[in-house]
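*Asks:* Just dropping this structure here.
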Amino acid sequence: EADMSRMFVVGMLMMRVGATMARQARDVEATLRLFHPPPPPSSLRNFQTSASSSLRPIMAPPSSPATLFPCPAPSGSRGDLLGFVSGFAPGVRLVSSCCSLSSRERMSPAMRVPGVARTLSMLAGDGGKKKVVFLGTPEVATIAFRKIFEASKAADSTFEVSAVVSNPPAKANRKKELQKSPVHLAGEDAGVQVWTPTGIMKKFEDSAEFLEKLESLSPDLCITAAYGQFLTKKFLTIPRLGTVNIHPSLLPKYRGASPVPRALEDGVAVTGVSVLFTQFEMDAGPIIRQEEYPLTGDEKADQLLPILFDRGSELLLSALPGIFEGKYQQDGTGCIIQNDEEATYAAKMNKEESKLWFTENAKYMHNRVRAFAGWPGTTMDLVINSGCPDEEKMTVKIVTSRIRREQGGAVLGVHAVNFDPKGNALVITCDDGSQLDAIEVQPPGKKPMDAKSFWNGMRGRSVERARVPWSTGKVPT
């Protein structure tokens, strides 16, 4: 009988070694399914009774003083479950007879429960609260973080923000000093641990260390908002309930890095925000929530983006209970499945796009000013006193614009830039005869100013836009 017990232990150890090499995520998921969804705390007595009858010592390895117990599929609540397991004497070791477990599963020193201990701890959390990890970098992402963190501190909150992940400090300003990202600073202010991996892909030296820390934390859910890093398949397998992203567009439209600028550049009348599960394919996951946002035609990207992230944060918070309860799942359960055939892509912006040559229609020029507001901005090349000895070339940024005349037509002096005192605007004529008003501009080395201030600074000198080969340009539909 003793030999049979030894053989059983050896068999269990061999299963552990095999699971270590395979490192299958399904092992942890199998354990998790045993405990979810949990019954109310009142069932603890039933759990203790049924568990005590099925726990029996089988044998400890010669090298370990701990006693091994097979762990049954419990029926207690998450908080009760951890309390029950913690009641074992120090040194007691539990093994699961229901599934093999990954070597990455961490054990608490007190319980020494490979894999299962990690699962129990994850499920129990802080008084049964779910562990959430927030990933974001720029200022706009702090809107989402602060709302989520504030919600986590509510008396009836079912989750906690266990960690913040952001891009590493980067060189900024003229002194090229390293500065922490806005989300990094917000996380520190909130007293949450902050991790700043260089990247998550294998090519980054610290990626393995970061993934190991994340796996040891055992998050229930990860939330991303303008994080700015590629999420690998390995990362996506770690959070038990998946990774959820706030994306400022009406998916499947405008997948990609710059959804708001590209939507404004296209002159859409309605945009919006989507909350979706992250899959390996970019912005293609099941949609949990989505909300439209009508546009007036004058919004700028740097003004619209915070609004959409604010709305997206509210949508996410309203969906969290459903995510935690399993109403919305990564496999698309309870969600809207995207139609890939309707997908459009929002390419990343670059500085070369900032130049306006006015070979396009005024409406398209206006949309570009709106789209590229903030960064990279939009600029025009002007020639002051063209053909004169004191001729001067100047690159001026257009901060705010409006459409003066959308319809094209024949116009004399198409390159001349004039000033309209009634509208307080510089009037710029495009190649097709349509006209754009530049209401606010910024000369080099100066702060933004209204058109009248700029015109007064010209002191009666003529102003023209730079001449480029004529083109029919791009006319929005």
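*Asks:* Would a scan of the range 454-470 turn up a residue that is farther than 22 Å from D390 by Cα and surrounded by 17 or more Cβ atoms within 10 Å (Cβ to Cβ)?
*Replies:* No: zero hits.
*Asks:* Take H415 and tell me if it is within 34 Å of the chain's Cα centre (by Cα) and open to solvent by less than 50 Å² (accessible area, probe 1.4 Å).
*Replies:* no
*Asks:* Please verify whether A144 is in contact with a strand residue (DSSP E or B) (Cβ under 6 Å, 6 or more places away or on another chain), modelled with pLDDT under 95 and aliphatic (A, V, I, L, M), treating the condition exactly as stated.
*Replies:* No; evaluated as a whole, the condition is false for this residue.
*Asks:* Ok, one more. Within the range 196-230, which residues are closer than 15 Å to A141 by Cβ and either at pLDDT 95 or above or assigned to a helix (DSSP H, G or I) (or both)?
*Replies:* Answer for the range 196-230, where residues must be closer than 15 Å to A141 by Cβ and either at pLDDT 95 or above or assigned to a helix (DSSP H, G or I) (or both): T196, C222, I223, T224, A225, A226, Y227.
*Asks:* Just the residues that are in contact (Cβ under 8 Å) with a residue 40 or more places away in the chain, open to solvent by less than 20 Å² (accessible area, probe 1.4 Å) and under 19 Å from K348 (Cβ atoms), please, taken from the range 370-398.
*Replies:* Residues satisfying the conditions are R370, A371, F372, A373.
The values are calculated or read from the model by the stated rules, or taken from the named source; none is laboratory data. Just so we're clear, the structure is a prediction, and the values are computed from it rather than from any experiment. Methodologically, a virtual Cβ is constructed for each residue, glycine included, from the backbone with ideal geometry; neighbour enumeration extends over all protein chains shown. Protein only, heavy atoms only, side chains kept; ligands, DNA and RNA dropped before computing areas. Shrake-Rupley method; radii C 1.70, N 1.55, O 1.52, S 1.80 Å.
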